[in-house]
Amino acid sequence: MSSAAIPSSRPRIVYPDTDGLPMAENTLQFEWIVTIKGGLDHLFDSDPNVFVAGDLFWYPVEGHPEIRIAPDAMAAFGRPKGHRLSYMQWEEGNIPPQVVFEVLSPGNRVGEMIRKFEFYQQYGVEEYYLYDPDPQRLQLSGFMRQGGQLIEVPEMNGHQSPRLTIKFEMTDAGLRIIRPDGQPFLTYEEVARREEHERKRAEHEARRAEHEARRAETERQRAQAERQRADQASVQVEQLRQRLRQLGHDPTD
């Protein structure tokens, strides 16, 4: 008697959420990654359908964990906010991140950057921005999708992102990213300083308001005392008139 063969189950495909490598190679690169990602978070804070991430694996093809990339920062429009171990495109309505950022470090190689560019071009990125914050280089490049290809933006200084509505400005000190309200993306330190300044200003305004309230109360009490003295004087005059009448005098004389 022969036994029926038991079909073997297919092995579960593992999509790693880390490659064991650090997010950044130096403090300057890390600062810019955090600044861009944080700026995008703030920009779309009130929009529940814009997902923003930094250094998160993006898997565009189901069943192929070897096809992956982790942009330094990315934004996916039409996808809800929330925590993810990775961005699996087939679980995201097959929507690729429309905008990606890469911040260069000395360890980046030409071949690596070419592979990243080809990846973004093949898998549907609409806008790709590449910034080198090294003070000796300070270079910003941008690419926009046209006719199925990522085409380099001829002039990035003053360029406005169609998706993000932010504007890029290059100065002697480096990149400035300007929000639609005219405010720049800030580093964590700049945000902390601004919050501390606003806290001190609010405390100063509160002390000033308290001082004004005390002064107004003092003025109110002084005016009330003056009215009471005036009322008391009127009563005394009237009492004197009545007394004079009782004594047979005309108080109008």
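Values in this text are rule-based calculations from the coordinates and carry no lab data. In this text, all values refer to a predicted model and were calculated from it rather than measured experimentally. When we count neighbours, we look across all protein chains shown, and the Cβ atoms used for this are built from the backbone with ideal geometry, even at glycine.
Quick notes on this structure:
- Enumeration of residues in the stretch 121-136 that are farther than 12 Å from Met170 by Cβ, in contact (Cβ under 8 Å) with a residue 12 or more places away in the chain and not in a strand (DSSP E or B): Gln121, Tyr123, Gly124, Val125, Glu126, Asp134, Pro135
- Here Ser46 fulfils each of the conditions (1) surrounded by fewer than 22 Cβ atoms within 10 Å (Cβ to Cβ); (2) under 14 Å from Leu85 (Cα atoms) apart from (2).
- Scan the stretch 39-65 for residues that are assigned to a loop (DSSP other than H, G, I, E, B), under 12 Å from the mean Cα position of the chain (by Cα) and under 22 Å from Tyr120 (Cα atoms) and the total you get is 0.
- Taking the stretch 146-168 as the range and being more than 19 Å from Phe117 (Cα to Cα), without any contact (Cβ under 8 Å) to a residue 60 or more places away in the chain and either part of a strand (DSSP E or B) or not polar (S, T, N, Q) (or both) as the test, the residues that pass are Gly158, His159, Gln160, Pro162, Lys167, Phe168.
- Filter pass, Val125 being loosely packed, with under 11 Cβ neighbours inside 10 Å and β-branched (Val, Ile, Thr): no
- Flag if Arg84 is of a type in the set (Lys, Arg) and under 25 Å from Glu25 (Cβ atoms): yes
- Selection count, the stretch 172-186, where residues are under 22 Å from the mean Cα position of the chain (by Cα) and more than 24 Å from Val50 (Cβ to Cβ): 2
- Note on the stretch 81-113: residues that are free of Cβ contacts under 8 Å to residues at least 60 places away in the same chain, in a loop (DSSP other than H, G, I, E, B) and surrounded by 12 or more Cβ atoms within 10 Å (Cβ to Cβ) amount to 7.
- Glu118 vs. criteria closer than 21 Å to Leu21 by Cβ, acidic (Asp, Glu) and assigned to a strand (DSSP E or B): no
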